[in-house]
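Accompanying notes for the structure given below.
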Amino acid sequence: MDANLQEQADATEAALHAAVQEIRGRTQLVPSVAMILGTGLGGLGAKLQDTVSIPYSDIPGFPQSTALSHAGCLLVGTLESIPVVAMQGRFHMYEGYSIDEIVLPVHVIQALGATTLVVSNASGGVNPQMAGGDILVMKDHINLMYQGNDSVKPSIRTGRTSDPIYSPHLISVALAAARQSGFHAQQGIYVGFTGPNYETRAEYRLVRKIGGDVVGMSTVPEAITANQLGMQVLGLSVVTNVARPDAPATVDAGEVVEVAGIAQPKMESIVRAVLRSLK
């Protein structure tokens, strides 16, 4: 490793250690489950009990959330009597962050003790059988971000993923929870783009042809990293709109946040059921 890469590696290792120490200095709770709360879904964090809230700005090495509706706080508390750590807001490549910066929090929450990651997002549907407000349980993803997850730090560079990335057991729990709560959720394939622009009509057609059901701008790096670290992963996506390439409609970020917020009770019912299954 050349001098520049070694310097970056040392900085990454120092940031990871400092972040973990800062959080442990504020709470003695050891979380077993981590949640990344995506666009419009941060309200679930308010349901935690005995919560310690830590602004990202207080955590060494953490980037700052700039996306709409991302509060930028790390929450440590309990939900369904399970100790959890929740990220109210995540980081995206379109905000200018590197893969290392985007996935550093996953390394941090795993170092805190979490062995399960529930990651959520808002997405655009390309499957015509879907509708706005539906919940998609991620069976797999297609990475069109064209970025690997190799870190400059050898001990963080965790190598190849284990297949499947998304836990079949947790997928089954999530689908059963939706049925028991009286709404339909389906499995599907999430396709990750870098953003921030929404996809063109040609891109929507491409995504459908290669097997994608929804498209989004997050989740893939975090899920890959969690899998490499040995965590079991569940991906949940709120379908905020369904693209129809031959009848395009304008979509804005405010509408995406609004629909995701409306669907939040569905998401919460699934998350609570998953937590209960882990007791």
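Structure notes:
- Residue check, Leu16 hydrophobic (A, V, I, L, M, F, W, C) and part of a loop (DSSP other than H, G, I, E, B): no
- Only one of the numbered conditions (1) crowded, with 23+ Cβ neighbours inside 10 Å; (2) in contact with a strand residue (DSSP E or B) (Cβ under 7 Å, 6 or more places away or on another chain) is violated by Leu104, and that is (2).
- Beta carbons closer than 6 Å, at least 6 apart along the sequence or on distinct chains, pair a first residue in the range 27-43 that is without any contact (Cβ under 8 Å) to a residue 60 or more places away in the chain with a second that is surrounded by 24 or more Cβ atoms within 10 Å (Cβ to Cβ) for Thr27/Val76; Leu29/Val76; Gly42/Gln88.
- Considering His107, His92, the condition of being in contact (Cβ under 8 Å) with a residue 24 or more places away in the chain and touching a Leu at 6+ places or on another chain (Cβ under 6 Å) is satisfied by His107 alone.
- Selection status of Glu203, of a type in the set (Asp, Glu), part of a loop (DSSP other than H, G, I, E, B) and either surrounded by 13 or more Cβ atoms within 10 Å (Cβ to Cβ) or in contact (Cβ under 8 Å) with a residue 24 or more places away in the chain (or both): no
- Of all the residues in the range 1-23, those that are at pLDDT 85 or above and surrounded by fewer than 16 Cβ atoms within 10 Å (Cβ to Cβ) number 4.
- Glu222 vs. criteria in contact with a strand residue (DSSP E or B) (Cβ under 7 Å, 6 or more places away or on another chain) and in a loop (DSSP other than H, G, I, E, B): no
- Considering residues of the range 148-200 that are among the aliphatic types (A, V, I, L, M), in contact with a Ser or Thr (Cβ under 9 Å, 6 or more places away or on another chain) and assigned to a loop (DSSP other than H, G, I, E, B) only, the residue modelled with the highest pLDDT: Ile156
Here is a yes/no grid of residues against (1) in a strand (DSSP E or B); (2) farther than 20 Å from Pro196 by Cβ; (3) touching a Ser or Thr at 6+ places or on another chain (Cβ under 8 Å):
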position: Val76; (1), (2), (3): yes, yes, yes
position: Phe91; (1), (2), (3): no, no, yes
position: Ile109; (1), (2), (3): no, yes, no
position: Gly113; (1), (2), (3): no, yes, yes
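- Breaking point among (1) outside any helix (DSSP H, G or I); (2) crowded, with 21+ Cβ neighbours inside 10 Å; (3) at pLDDT below 95; (4) in contact with a strand residue (DSSP E or B) (Cβ under 7 Å, 6 or more places away or on another chain), for Gly45: (1)
The values are calculated or read from the model by the stated rules, or taken from the named source; none is laboratory data. Remember, it's a predicted structure, so these values are computed and weren't measured experimentally. No Cβ is skipped: glycine too gets one built from the backbone with ideal geometry, and neighbour counts run over all protein chains shown.
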